[in-house]
């Protein structure tokens, strides 16, 4: 109930804002010197990520509301509306679980603080939830010496997209590295190639692979034609076998 009351109070505050400050979602403030910035990293389906709301310093009782909207938000947590109340720190962190499906999500951000008057800020931002490209590689040290700072590079269709550094790899040991990449813009329709490289000479890397993106080509029509051709040939053979042998003319008897 306390959270709901606070949310209602914030709503009332923004209704009371001047009309000129509420008709645009480009970022509106009252008074004009109070602002908030919103930041986040790459967001993958179903992962836990953080949204950072940083407001103008020098005030107190900072509050923020995030209201999410999108086509399919199933799996999102803690919900489509999250609230942080009365913090002395203007830097507020929201820990969110992304939806299970990729898509574009809008966030209505409402922030307030208190000074000699009530400070208010409103903006709308969008972010994209992407299905990650999962890459995995196995790195083996076949020598009797330790390997340090082994940089493992993942490339998608010849473009380097991610790196992972193994701080120490023991002699005759193997380590598996798994990463998620958001380089969906580099995916081709059809076959795609993932290549993996290691910076340290002597390290053995296994992880090259290919995957197909899109609808596989349909060759069913070829089999249909083949079946028809075979059936027609069988029909001709049977028809030829059924032809009657002509009788000899009577005058030849």
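For this structure, a couple of remarks:
- Distance in nm between pseudo-label sites at residue 179 and residue 81 (7 Å out along the Cβ direction from Cα): 4.1
- Hydrodynamic radius of the stretch 133-213 by the Kirkwood approach over all distinct alpha-carbon pairs: 13.1 Å.
- Spacing of the two label points (7 Å from each Cα toward its C-beta) at residue 163 and residue 188, in nm: 2.6
- The three principal axes of the C-alpha atoms in the stretch 58-150 carry coordinate ranges of 69, 35, 19 Å, sorted with the longest axis first.
- Residues 66, 73 arranged by fewest to most Cβ contacts within 10 Å: 73, 66
- Stretchable slack from residue 206 to residue 124, in nm (0.36 nm times residue separation minus alpha-carbon distance): 25.1 nm
No lab work stands behind these numbers, since they all come straight from the coordinates. Every value quoted in this text rests on a predicted model; they were computed, and no experiment measured them. Ideal geometry is used to build each Cβ from the backbone, glycine not excepted, and the neighbour counts take in all protein chains shown.
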